[in-house]
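Shown next, in structure tokens, is the structure this report addresses.
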Amino acid sequence: MLQKLIPLACTTLLVACAATPPEPVEPPAQRSPEDVKLTLNLPEEPENCVCQSAEENDRTFLERGMETLADGEYIEAVQYFQRYQRLEQLPLAQWEGDLAIAYVSMLPSSPFYDVDAALLAYTDLQSREPAGQKHHSIVIMQQALESFVLMERHIWDLESRTGMLQEDLDKREQALKRLRELTLGQPED
């Protein structure tokens, strides 16, 4: 009999629970942002940690410009360097773009070839070189421009010396002519 009463009692209890109306749900209380405190489980950074800068350049257009420059497409390369400057506003990016364009203007096969403009641009760029990690291709271009400027100075010095030597030679030839006229008494043919 006890075996019949236990299932009957359980059934009655279940029916009673099911027949009870649900309690009304209260809306959640409004909280202010000050009441909420988030705790993140992030690893602690050591004090000597060198983190990536948020101001890092996207050098995609600079690198594309380098690739097209290597292919001999000078106009397209300059356009990529200019796009790089338009998209990246950091002083280092502006300087890198200017240096790449100055480099293109020193190449004899470039349609932008202008020795004087390259010299002036490089001199200006030297005076306003920003701090920061330069792209490896820019470092090589900078060294090439520096060599170019040094070579142009040597050429200028040699041309200047040649001019002075030519003037000196002309004076000596004039002096020899006068000496012949005085010695021989007749002008040389």
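The values are calculated or read from the model by the stated rules, or taken from the named source; none is laboratory data. The structure displayed is predicted, hence computed values, not measured ones. Note that each Cβ is placed from the backbone with ideal geometry, even for glycine, and that neighbours are counted across all protein chains shown. Note: accessible area is taken over every heavy atom of the protein model, side chains too, but ligands, DNA and RNA are not part of it. Shrake-Rupley method; radii C 1.70, N 1.55, O 1.52, S 1.80 Å.
When residues in the range 109-140 are screened for being open to solvent by 50 Å² or more (accessible area, probe 1.4 Å), under 21 Å from GLU67 (Cβ atoms) and part of a loop (DSSP other than H, G, I, E, B), 5 of them pass. No other residue among PRO46, PRO27, PRO22, PRO7 is in a loop (DSSP other than H, G, I, E, B) and modelled with pLDDT of 65 or more apart from PRO46.
Being farther than 22 Å from GLU152 by Cβ, open to solvent by 50 Å² or more (accessible area, probe 1.4 Å) and at pLDDT 90 or above holds for only one residue in ASP58, ASP71, and it is ASP71. The set of residues from the range 144-173 being modelled with pLDDT of 90 or more, open to solvent by 90 Å² or more (accessible area, probe 1.4 Å), under 30 Å from LEU125 (Cα atoms) and of a type in the set (D, E, K, R) comprises GLU146, GLU159, ARG161. Residue pairs whose Cβ atoms lie under 6 Å apart, separated by 6 or more positions or on different chains, with the first residue in the range 59-88 and without any contact (Cβ under 8 Å) to a residue 40 or more places away in the chain and the second of a type in the set (D, E, K, R), are PHE61/ARG83; THR68/GLU76; TYR80/ARG64. Applying the condition of being among the polar types (S, T, N, Q) and not in a loop (DSSP other than H, G, I, E, B) to the range 84-108 and asking which residue is surrounded by the most Cβ atoms within 10 Å (Cβ to Cβ) yields GLN85.
Return the residues of the range 93-112 that are of a type in the set (S, T, N, Q) and under 16 Å from SER147 (Cβ atoms); say none if nothing qualifies. SER105, the sole residue that qualifies. Taken as a whole, the structure leaves SER110 outside the set of residues that are under 28 Å from GLU88 (Cα atoms), among the hydroxyl-bearing types (Ser, Thr, Tyr) and under 17 Å from the mean Cα position of the chain (by Cα).
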